[in-house]
Amino acid sequence: MEVQGLQMTETKTAPGLFKRNPPIAGEAEAIERAKAGDAEAFSKLYALHKRRVYTLCLRMLGNVSEAEDMTQEAFLHLFRKIGSFRGESAFSTWLHRLTVNLVLMHLRKKGLQLVSLEETINPSEEDSPKRDFGSRDTQLAGSVDRVALERAVASLPPGYRMVFVLHDVEGFEHNEIAVMLECSTGNSKSQLHKARLKLRELLRQSESTAQTDLKEAAL
Amino acid sequence: MILKNSSPAPMSCAEFQEQLPDLFAAGGRSSIDDPSLSQHLETCENCTALVRDLQYIADQAKQLLQPTHEPSDSVWKKIQEGLASEPSYAAEPNEK
């Protein structure tokens, strides 16, 4: 099945992605067997990659039901396309690219135009990160835990969250994101910067709330 | 005699922060080779804290690559149902 907008061929991957996605023991053999239609091997690939694919879908969509549907779609698509995987990039990188493209296609079908992030999913003034000129005592404490960061990412406006997840979490380059989202690399850089500014704001609020709670508990 | 001041006006916070998307795309603070940017960072606590925080957030984001969520069992069941209709699928003997 050829689906518009999906790049099923492997593209040259940044060397860093191999570092971030090292091969998993037994994965190469399972891939070869799955290419021949071996169900057990495919089951193994699902077990190895389901969490990361699902987490990626969940972060991009922010909705459990849709994330599960897209995880299902991604693995069915994987089964059909695994024959075209040649091992030029890490398998997980290839699988994640396939998943990202499916999710973006799903969002476009829903009517969310990703052509211009600025115009279509730009957050309201209220959601925009504040400019930070001249204020003092603004630094993060430097001990942001994973749960707080995850919560902050989940509360980002969709356009910011998308670029942040693709770049800072998944490790895609701005030029790759620009192709995926059909926007300029400048737009991708700008959205990422705004996403980080917004996260800083959210994390500072979270730190401030935690400190207030501690003070109240001590009284 | 009027002496001309040849050094450029100091960069404002707004001007500095406008450069940040490109600066981070190029590799962050370590990649700064523009003297006016370096000079601003040396003299502005606020922008120094901002750059440090944004770098910290970017670094911390990498830990999110490790998954925290797991799909429900129904996802695999639906995948199996979908695979059953694929002509090249050789069904496994045991349920996962």
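The values are calculated or read from the model by the stated rules, or taken from the named source; none is laboratory data. All values derive from a computational prediction rather than experimental measurement. Every residue, glycine as well, gets a Cβ built from its backbone with ideal geometry; the counts of neighbours run over all protein chains shown.
How about segment B:32-75: which of its residues are more than 7 Å from chain A (Cβ to nearest Cβ) and not in a helix (DSSP H, G or I)?
Within segment B:32-75, the subset more than 7 Å from chain A (Cβ to nearest Cβ) is B:32-45, B:47-48, B:51, B:55, B:59, B:62, B:66, B:73-74.
Selection gives B:32, B:33, B:34, B:44, B:66.
Check whether at least one residue in segment B:26-37 is among the polar types (S, T, N, Q), at pLDDT 90 or above and either out of contact with any Asp or Glu (no Cβ under 6 Å at 6 or more places or on another chain) or farther than 16 Å from residue A:144 by Cα (or both), and report yes or no. No - not one qualifying residue is present in segment B:26-37.
Being without any contact (Cβ under 8 Å) to a residue 12 or more places away in the chain and β-branched (Val, Ile, Thr) is the filter; apply it to segment B:48-81 and report the residue that is nearest to residue A:200 (Cα to Cα). Looking at the filtered set, the residue picked out is B:57. Listed conditions (1) surrounded by 17 or more Cβ atoms within 10 Å (Cβ to Cβ); (2) in contact with a Lys or Arg (Cβ under 7 Å, 6 or more places away or on another chain); (3) in contact (Cβ under 8 Å) with a residue 12 or more places away in the chain are all met by residue B:40, apart from (2). Would you mention how many residues in segment B:43-55 are surrounded by fewer than 18 Cβ atoms within 10 Å (Cβ to Cβ) and either of a type in the set (Phe, Trp, Tyr) or closer than 30 Å to residue A:60 by Cβ (or both)? Qualifying residue count, segment B:43-55: 2.
Here is a yes/no grid of residues against (1) buried (at least 21 other Cβ atoms within 10 Å of the Cβ); (2) among the basic types (Lys, Arg):
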{"residue": "A:63", "(1), (2)": "no, no"}
{"residue": "A:67", "(1), (2)": "yes, no"}
{"residue": "A:70", "(1), (2)": "yes, no"}
{"residue": "A:80", "(1), (2)": "no, yes"}
{"residue": "A:87", "(1), (2)": "no, no"}
{"residue": "A:95", "(1), (2)": "yes, no"}
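Selection of segment A:150-173 for residues being among the hydrophobic types (A, V, I, L, M, F, W, C), more than 16 Å from residue A:101 (Cα to Cα) and in a loop (DSSP other than H, G, I, E, B) yields only A:156.
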